[in-house]
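Written out below as structure tokens is the structure these notes cover.
Values in this text are rule-based calculations from the coordinates and carry no lab data. Since the structure is predicted, the reported quantities are computational estimates derived from the model, not experimental observations. Virtual Cβ from ideal backbone geometry, glycine too; neighbours counted across all protein chains shown.
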Amino acid sequence: MFMHVFSYRLKCLIRDKELVFWTLLFPIVLATFFYFAFGHLTTELEGFEPIKAAVVDNEAYRRNTQFRQVLESLSEEGKNQLLDLTLADEDEAGRLLEEGSVAGIITVGDEIGLTVKQSGLNQSILKSILEEYVHTVNTVSSIISKNPGAVWQLIGDIQDRKTYTQQISFSDAVPDTMLGHFYALIAMACLYSAFWGLRNTIDVQADQSPQGARRSVAPTHKLYVVLSDSLAAFAISFLEVLVLIAYLAFVLGISFGSQIGYVLLTCVAGCVAGVSFGNFIGTFIRTSESVKTGILIGSSMLMSFLAGLMWVDMKEVVARNAPVLAYINPAALISDAFYSLYVFDTHRRFFINIGMLFLISAVMCGISFVHLRRERYASL
Amino acid sequence: MVMINVQDLVKRYGDLVALDHFNLQVPEGEIVGLLGPNGSGKTTSINCILALLKYDKGTVEVFGKPMTPDAYDSKRNIGIVMQNVAVFNELRVDENIDYFCGLYVKDPATRRRLVQEAIDFVGLGEFRKCYPKKLSGGLLRRLNIACGIAHKPKLLIFDEPTVGVDPQSRNNILEGIRELNRQGATVVYTSHYMEEVEQLCTRIVIMDKGKTLADGTAEELKAMIDRGETITIEMYALDPVDLERIPQLPHVVRAHYSESDGRLLVSYDNGEHNLLNLLDYLKSRNTSFNRVFTAQPTLNDVFLEMTGRELRD
């Protein structure tokens, strides 16, 4: 009996083309969109090209030996080359800027100036370099004017700059901000399992559909039917999330680290939470199917937003200002479970997320079943 | 054996009383029709009998046992054909029947046989691999019936199974129900189509506003009212003297002549040779006439007599 109900439920759900689109194809389309929209950010940073800039070759520039040495040092060929400079007269520099061959024009006069045609990453870097130079020169001049004896120590300090912050990696993984989007996307795909849960509850309640009425008059225990249906919903949603992860990993080349067992456990917990959430909406909220679907879409998008789907920093904003929300939002828990797997070598944070997901699922399932086990209805 | 025994059933929706001390007994082997206008409580009573709906008062017994949601032994022998088509659009015709049959019958081999018999019974053989969306309204109703009867229940409940069905499919459905009854099933059939109920049912319960108005065979119900046949005669004119004398003929209750459509309507309170007597009288008065029609009283007349309203009001 269990297999009979389960196998037909599986057929019913998997042939629901509309739901398959939203729960499988939509996340894949969104992943592709993310890849093309944000994918170039990492490649841009990894494949950094020296910034092309023009320097006006005037008398003041030739006289300013220090500045000339700084620019030459930044333009030295090698893996640390930051600038690619062209010496030109004012007109030629203007022409190069106009045709887009250089990002900006550096002009030395009474002050050091930068002319740009548009704003952008390269222009910002040029501006930072010049500001840093001017700031350092001003500082040195000020110290020497007050304490001329410190000149040699100062020169030594400038040559031997120290940084007082240290980068520590929690694992061997290379930090990648783009991954946050994909984690939130997988979280959203897991939450979309809720559509299957919702459909199940519609099809099992006599006051929601004629199919529910027909199943209610059959000599089959409701718990049996609900369990078979939920298992079928979980099986389909888990399979869909696996397809999505395979697409991300093998087609788009997104790395999920080497802990595949934990990745699968996260998907299991996410799909269980999704199906439970659908059951919860389908039973707890007494309204029409279309309104329930609307509530489901709205709430899952809100949860995904709070987990950082649309804006990666949102997750941090929530964690800072409303930490409780981060612990009860299944999307945030799923995405954080992936994040902690990728970033940390220990699994404490990961298992807290997974535990919370199962706990939330158990609560939602419990509430749903209290409603579903209702044996007679007040109205049909 | 009494298959269904409903006593004093009361169901309220807030201030609205949907069932008002409703009683129903369905003996084994009968086709019992619940006849009443929309909103008279037919479907509500069925849902209470099936233990789907809570009710405020009364008792429901099926197969001699109290009907509860967990009365699985009783449920195993009940088949229900809902007013709304209750099938899954994602399953093919044969899969739908197999699925619902499987909720009652565990053995796969038995189920295969029952599914095949149900498909043959409703004549969906050539559509067995079709999805419900590809079926016409009539074929869909047949699938709905097949899903309800495949497990060969002893008690079959049909809740307005012919709503929106073309006449040919309707006849097929009614003939199918008769055949199921001949095979031994007891049938409860709800409808607001009096012709269907009269044609099909061995016993009829007329309902209105949640109450049982009358219960009996079609003939018994018609005999309850003070009305026999109605004779209609087309004629160009009628002398007012005749209009005064016709009501004095034996068994005539009322006579009315409509000048606009040139028709004389004469109603009787039963009696025999009414047409002969009327025609003899008209000949004796040298009154010329054209076509003559007679109509027996219908269940609608019974309902009209009891409630002052038409069944389809």
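Worth a mention:
- Per-residue ³J(HN,Hα) for the stretch B:289-296, Karplus 6.51 cos²θ - 1.76 cosθ + 1.60, θ = phi - 60°, Hz, x for Gly and Pro: 8, 9, 7, 10, 10, 10, 9, 7
- For the stretch A:105-113, putting each phi into the Karplus relation 6.51 cos²θ - 1.76 cosθ + 1.60 with θ = phi - 60° gives couplings of 10, 9, 10, 9, x, 4, 10, 8, x Hz, in residue order, rounded to whole numbers and with x for Gly and Pro.
- Amide H contacts under 5 Å for residue B:87, placed H, 5+ residues apart: none
- Dipole axis of the stretch A:106-160 (+1 Lys, Arg; -1 Asp, Glu on Cβ), positive-most option in A:142, A:154, A:124: A:124
- Antiparallel bridge percentage (DSSP; both residues within the protein assembly as shown; nearest 5): 60 percent
- Helix axis angle, B:108-122 relative to chain B longest principal axis, alpha carbon, degrees: 20 degrees
- Largest first, the three principal axis extents of the alpha carbons in the stretch A:276-334 are 37, 20, 17 Å in whole numbers.
- Computed over chain B, the P(r) curve from all C-alpha pair distances, binned at 20 Å from the origin, holds 29, 45, 22, 4 percent per bin.
- D (Stokes-Einstein, µm²/s), Kirkwood Cα radius, the stretch A:185-226, 1.306 mPa s at 10 °C: 141 µm²/s
- Normalised by the number of residues in chain B, the mean separation of alpha-carbon contacts (under 8 Å, six or more apart) gives a relative contact order of 20 percent.
- Our summary gives the stretch A:257-355 a relative contact order of 29 percent, counting only alpha carbon pairs under 8 angstrom and 6 or more residues apart.
- With R₀ fixed at 41 Å, the C-beta to C-beta distance from residue A:81 to residue A:349 puts the FRET efficiency at about 0.55.
- Computed from the C-beta positions of residue B:112 and residue A:25, the FRET efficiency with R₀ = 30 Å rounds to 0.25.
- Note on the stretch B:17-89: dipole from Cβ charges, positive end direction compared against B:63, B:48, B:22; the farthest Cα belongs to B:48.
- Stretching residue A:99 away from residue A:49 to a fully extended chain increases their span by 16.1 nm, per 0.36 nm per residue minus the current alpha-carbon distance.
- All alpha carbon pair distances within the stretch B:84-180 were sorted into 5 Å bins beginning at 0; the resulting P(r) in whole percents reads 2, 15, 27, 26, 20, 8, 2, 0.
- Axial C-alpha extent at least 15 Å, average Kyte-Doolittle at least 0.5 - helices from chain A (DSSP): A:2-14, A:26-46, A:178-191, A:222-246, A:260-284, A:289-306, A:330-343, A:348-372
- When Rg and the Kirkwood Rh are both derived from Cα coordinates, the Rg/Rh ratio for the stretch A:13-102 amounts to 1.40.
- Based on C-alpha pairs under 8 angstrom that are at least 6 apart in sequence, the stretch A:179-274 has a relative contact order of 38 percent.
- What the pair-distance distribution of chain A shows, using all Cα-Cα distances binned every 10 Å from zero, is 5, 19, 21, 16, 13, 11, 8, 5, 3, 0 percent.
- With R₀ set to 25 Å, the beta-carbon distance separating residue A:160 from residue A:68 gives a calculated FRET efficiency near 0.70.
- Gaussian network model of chain A, springs between alpha carbon atoms under 10 Å - residue of A:276, A:119, A:75 with greatest fluctuation: A:119
- Every Cα-Cα pair in the stretch B:147-192 was counted, and those over 17 Å apart are 30% of them.
- Shielding of A:2-12 by partner chains, average beta-carbon count, 10 Å: 4
- The label point for residue A:92 and the one for residue A:128, both projected 7 Å from the Cα toward the Cβ, are 3.0 nm apart.
- Size estimate for the stretch B:48-117 follows the Kirkwood approach: the inverse of mean 1/r over distinct Cα pairs works out to 14.1 Å.
- Distance between the modelled labels on residue B:17 and residue B:226, one decimal in nanometres: 2.7 nm (7 Å Cα→Cβ projection).
- Distances between placed amide hydrogens fall under 5 Å for residue B:166 paired with B:138, all partners being 5 or more residues away or on another chain.
- Cα-based Rg and Dmax for the stretch A:49-143, where Dmax is the largest Cα-Cα distance (Å): 12.9, 43
- The Rg/Rh ratio of the stretch A:179-301, with both radii computed over alpha carbons and Rh defined as the Kirkwood radius, is 1.06.
- Taking the C-alpha atoms only, the angle from helix B:274-284 to the longest principal axis of chain B is near 20 degrees.
- Gyration tensor over the Cα atoms of the stretch B:198-311: the corresponding equivalent ellipsoid has semi-axes (square roots of 5 times the eigenvalues, largest first) of 32, 14, 12 Å.
- Descending Cα extents along the principal axes, the stretch B:7-77, whole Å: 35, 26, 17
- Here is how the number arises for the protein assembly as shown: DSSP H runs of 4 or more residues each give -39500 (n - 2.57), the sum is divided by the residue count, and the result at 222 nm is -16000 deg cm²/dmol.
- Dimensionless Rg/Rh of the stretch A:234-380 - Kirkwood Rh, Rg from C-alpha atoms: 1.01
- Taking chain A as a Gaussian network of alpha-carbon nodes connected by springs under 10 Å, the highest mean-square fluctuation of the residues A:282, A:109, A:298 belongs to A:109.
- Here the protein assembly as shown is treated as an ellipsoid with the same Cα gyration tensor; its semi-axes, largest first and in whole Å, are 85, 31, 21.
- Amide H partners (placed H, <5 Å) of residue B:81, local residues excluded: B:157, B:158, B:159
- Those residues of the stretch A:193-234 whose amide nitrogen sits under 19 Å from the label point placed on residue A:1, 7 Å along Cα→Cβ: A:204-206, A:212-232
- Within the listed set A:151, A:134, A:243, the Gaussian network model of chain A (springs between alpha-carbon atoms below 10 Å) gives the highest mean-square fluctuation for A:151.
- Site pair residue B:248 and residue A:322 shows an inter-label distance of 9.3 nm when each label is modelled 7 Å from Cα along Cα→Cβ.
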